[in-house]
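First comes the structure, then the notes that go with it.
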Amino acid sequence: MKRILFPVTICLILCANLHAQYKSKENIQYIYELKVVNKNLFPILDSIINTKSEVTYFRDGPLLTMWFGLDSIKPDLIMIWAEGKEIMGANHDLGLFDYKENTFVVRGISLDTTVFLKTDSKRKFKFSSSPIKVLKNGTMVFDLGADKRYCTWTCRYRNGKFKLLSFGSFDDKVKRFDNIEQEYHQEGIQDPIRCNQP
């Protein structure tokens, strides 16, 4: 009995020690607050927020990211991701703004001043740097579903106007649509990856 009890006790002590030493990692940044100067963005944001409210997991999460200039072939394409209740890692953050109880973190190489005005105010923002969370009772939880969940939109910003082009999510109950290629094909802009496929 002592032979079994001793290793089990040692194992429990080691596990408790590891648990006590783990601290959830977070990256705190101070990000400029932005003001939306192009009011044509608001109907797009309304549509995004309404759709997000139907998507499982993301409906209660107030955080979204907006990427400008990710696609060199289509530089006027904006990509928006619902992030949920936290954003993993700071990444080319240009500023943030609040709209209807949601926070949008704007990302890209440079800020489009026809859409946003950078204010003098900065806000403290916590980015998560680990998929492991520690609950209030001390229990560590690893988010196994994080890689499978997504909720994204694309829109085009051209001549001061926005046009919503696509929506997709992991939640099959919410209808998807994709008009990206149709929108750009009208102007002869094609996806080079699709063009090279046999």
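The values are calculated or read from the model by the stated rules, or taken from the named source; none is laboratory data. Everything quoted here is computed from the prediction, not taken from an experiment. Using ideal geometry, Cβ is built from the backbone for each residue, glycine included, and neighbour counts are taken over all protein chains shown. These area figures cover heavy atoms from the full protein model, side chains too; ligands, DNA and RNA do not enter into them. Shrake-Rupley method; radii C 1.70, N 1.55, O 1.52, S 1.80 Å.
Brief remarks on what is shown
- For the range 54-70, backbone phi angles converted through the Karplus equation (6.51, -1.76, 1.60; θ = phi - 60°) give residue-by-residue couplings of 9, 8, 3, 6, 8, 4, 9, x, x, 9, 9, 10, 10, 9, 10, x, 6 Hz, Gly and Pro being listed as x.
- Extended-chain gain in nm, criterion 0.36 nm per residue less alpha-carbon gap, residue 149 and residue 91: 18.9 nm
- Distance violations [Cα-Cα > 18 Å] among 100/122; 85/148; 52/100; 52/85: 100/122
- Convex hull of the range 55-128 built on C-alpha atoms - directionally averaged projected area, nm²: 5.7
- Karplus 3J(HN,Hα) series, Hz, for the range 161-176 with 6.51 cos²θ - 1.76 cosθ + 1.60 (x for Gly, Pro): 10, 10, 9, 6, 10, 7, 8, x, 8, 6, 7, 5, 6, 9, 5, 9
- Amide H contacts of residue 166 (H built 1.01 Å from N, under 5 Å, at least 5 apart or other chain): 154, 179
- Residue 110-residue 124 pseudo-label distance in nm [points 7 Å out on the Cα-to-Cβ vector]: 3.3
- Extension gain from residue 33 to residue 137, taking 0.36 nm per residue of separation minus the Cα-Cα distance: 34.0 nm
- Cα-based shape type of the range 24-188, given that a ≥ b ≥ c are square roots of the gyration tensor eigenvalues and the cut on a/c is 1.5: oblate
- Residue-by-residue Karplus 3J(HN,Hα) for the range 43-50, coefficients 6.51, -1.76, 1.60, Hz, glycine and proline x: x, 5, 4, 4, 5, 4, 5, 5
- Solvent-accessible area, 1.4 Å probe, carbon plus sulfur percent, for the range 24-188: 50
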